[in-house]
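Student: Before I ask anything, let me first share the structure, which is written out below as structure tokens.
Laboratory data are not the source of any read-out in this text; all were calculated from the coordinates shown. The model shown is predicted, which means the values in this text are computed figures rather than measured ones. Quick reminder, even Gly has a Cβ in these numbers, built from the backbone with ideal geometry, and neighbours come from all protein chains shown.
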């Protein structure tokens with residue numbers, strides 16, 4: 001989601017970081033370039049005006065920190081203003097109310113309410129060890145209730161069965177009674193997608209809200225719909241008091257402006273971001289980490305948390321054994337499945353700092369999921385000896401592999417080169433145990449991987 005904005009911001013800030021001193025002229029030039037980058041990222045005009053004003057005010061005549069260069073000082077100012085814009089800290093869900101704590105999910109149609117309800121249910125279950133019940137009041141979409149039942153089952157969460165011939169208010173009342181009777185900690189309520197201009201549907205959600213008085217009312221916001229969706233949040237909030245936003249499709253090619261604009265315009269915190277279609281693809285929204293990612297500094301803390309959540313508890317011992325031996329293509333093939341569990345290699349790489357090689361190509365340009373899919377086809381066309389010793393693969397080997405995989409030799413050369421980059425990373429994070437591996441990831445100087 002932030003890829004284009006990150007590339008622009010990294011390029012802009014690289015230029016000013018190389019300046020010997022901050023002057024009004026180079027600050028104005030940099031601010032103009034940042035303004036253009038934010039406009040292209042579809043950030044709201046009012047938000048751009050606010051951040052430009054704050055950066056300019058704090059940069060001009062700023063007393064330079066003696067431990068930082070002028071360029072570093074400016075970058076720090078930009079980062080701090082991005083953090084302030086997005087809310088300073090992560091706003092956690094309020095789960096301390098009298099049980100069952102009720103969380104109501106609302107939004108327009110097609111934004112992913114049902115999927116993200118289950119994602120949050122699974123997240124709460126794993127992080128807080130709560131007993132959770134889900135229920136759907138969407139009697140208008142034929143498969144909505146069944147979809148929630150299937151996803152809840154996949155996530156090992158209990159589901160309260162409702163029917164299309166029931167009234168939504170009757171469904172929530174019965175679900176709440178059941179949740180109290182069976183001593184559930186959390187009740188997650190899915191609702192039908194609705195537009196704020198549909199008065200009948202808005203009256204329905206008002207009645208539900210006023211009857212059950214949810215602790216949290218979360219608006220599910222599609223990051224691909226741009227600034228119009230933020231205005232919809234504000235209009236929804238006039239009818240129903242929203243407590244937070246879930247930003248979906250962050251793994252898409254959306255321009256990123258919604259994440260920067262939502263908090264400032266709606267005055268409601270973004271509590272979670274959805275980073276993929278899988279149930280595990282959910283992260284708490286941390287403004288500082290997102291600001292670092294936008295500025296090309298990476299998001300190592302989120303990367304580490306993903307690894308801890310989806311690798312350590314699964315196959316950490318086996319993973320350690322593979323790291324501690326010679327890492328070959330057989331091992332790599334096994335790890336692709338692990339990478340997919342944390343949102344794919346693109347999700348992992350996008351959290352790394354944007355260092356560049358001597359040929360001015362970044363790690364983000366070197367490695368992506370499309371290349372990995374080709375890599376799978378290539379590996380499957382290799383002999384066992386070739387997979388275990390990729391350095392023996394020469395011209396005649398490549399021609400045979402090309403015929404077997406349907407991939408040209410140029411791509412095979414390119415993909416073997418990507419594997420060598422990955423091997424460099426593996427050497428840097430080679431662990432004795434998983435906790436040490438995570439610490440090693442945090443301390444990598446990724447710039448050295450390419451030079």
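Student: Sort 229, 10 so the one with the fewest other Cβ atoms within 10 Å of its own Cβ comes first.
Tutor: Listed from fewest to most nearby Cβ atoms, that is 10, 229.
Student: In what sequence, highest mean first, do 83-96, 187-200, 237-250 appear when ranked by Cβ atoms within 10 angstrom?
Tutor: Highest mean packing first, the order is 237-250, 187-200, 83-96.
Student: Rank the residues 78, 173, 258 as a footprinting-exposure proxy: fewest other Cβ atoms within 10 Å of their Cβ go first.
Tutor: Result, fewest neighbours first: 173, 78, 258.
Student: Can you tell me the length gained on complete extension of the stretch residue 228 to residue 54, counting 0.36 nm per residue apart and subtracting the Cα distance?
Tutor: 60.1 nm
Student: Roughly speaking, what is the centre-to-centre gap between segment 103-152 and segment 201-265 when only Cα atoms are used, to the nearest Å?
Tutor: About 16 Å separates the Cα centre of segment 103-152 from the one of segment 201-265.
Student: Further question: How would 164, 54 line up from fewest to most surrounding beta-carbon atoms within 10 angstrom?
Tutor: 164, 54
Student: Translational diffusion coefficient of segment 101-159 at 10 °C, 1.306 mPa s, Stokes-Einstein with Kirkwood Rh over Cα pairs, in µm²/s as a whole number.
Tutor: 135
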